[in-house]
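Heads up, the thing below is written out as structure tokens.
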Amino acid sequence: MPKILILVLLAIAPLFANAITSLRFLPMNRNSLALILEKDITGNTDDDFKKLYALLDLPEQDTPWGKGKGIKTSNKGFNLACSLGRTQCQVVLNQSPNTVMDPAQQYMSYKTTGEEAEFLNAAFFKESNGEVFYMTTDRMFRIRGTSNEFIFEASQKGF
């Protein structure tokens, strides 16, 4: 029996090799957190953190954890921070009219339009079509921005 269990674990381990996105929902559904880590607990790595860090068209800032980049909305509903020292990016969502946090479905989002969307989209380098797009390798975290809309979504079920 133990040999079969080991074989099963070895067979499915590659399915989780790039699953370095982590979602957390805090008590009373007031805050949620999406993390993109460079390494998982077994040491597997991917370049999702590096890609998101490079996509941010923001100046680096000195932080207690080394160099980093970050942006937040005026209502603090959406906060994105990346740290070179910790080799991670995190999005913290706080309760706001633009925020959806659904712990039962393991889904979170922040959607906005108008000036706030322009502000958030300006924080990212654009693709050739003038839009912002980023998705993690495990397809659990994505950012999309058009000329009049900004959408961050994270889902344990993926996209």
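The values are calculated or read from the model by the stated rules, or taken from the named source; none is laboratory data. Remember, it's a predicted structure, so these values are computed and weren't measured experimentally. FYI the Cβ positions are ideal-geometry reconstructions off the backbone, even for glycines, and counts take in every protein chain you see. These accessible areas exclude ligands, DNA and RNA; they are computed on the full protein's heavy atoms, side chains included. Shrake-Rupley method; radii C 1.70, N 1.55, O 1.52, S 1.80 Å.
Before moving on, here are some points about what is shown:
- Per-region count, the range 20-37, residues open to solvent by less than 40 Å² (accessible area, probe 1.4 Å) and not polar (S, T, N, Q): 6
- Count of the range 75-115 residues which are within 20 Å of Leu52 (Cα to Cα), outside any strand (DSSP E or B) and open to solvent by less than 60 Å² (accessible area, probe 1.4 Å): 3
- Residues of the range 54-74 that are open to solvent by less than 60 Å² (accessible area, probe 1.4 Å), touching a residue at least 60 places away in the same chain (Cβ under 8 Å) and more than 28 Å from Gln106 (Cβ to Cβ): Leu58 alone.
- Criterion: at negative phi and among the hydroxyl-bearing types (Ser, Thr, Tyr) - qualifying residue of Thr99, Thr87: Thr99
- Flag for Phe124 being open to solvent by less than 30 Å² (accessible area, probe 1.4 Å), under 16 Å from Arg24 (Cβ atoms) and either charged (D, E, K, R) or in contact (Cβ under 8 Å) with a residue 60 or more places away in the chain (or both): no
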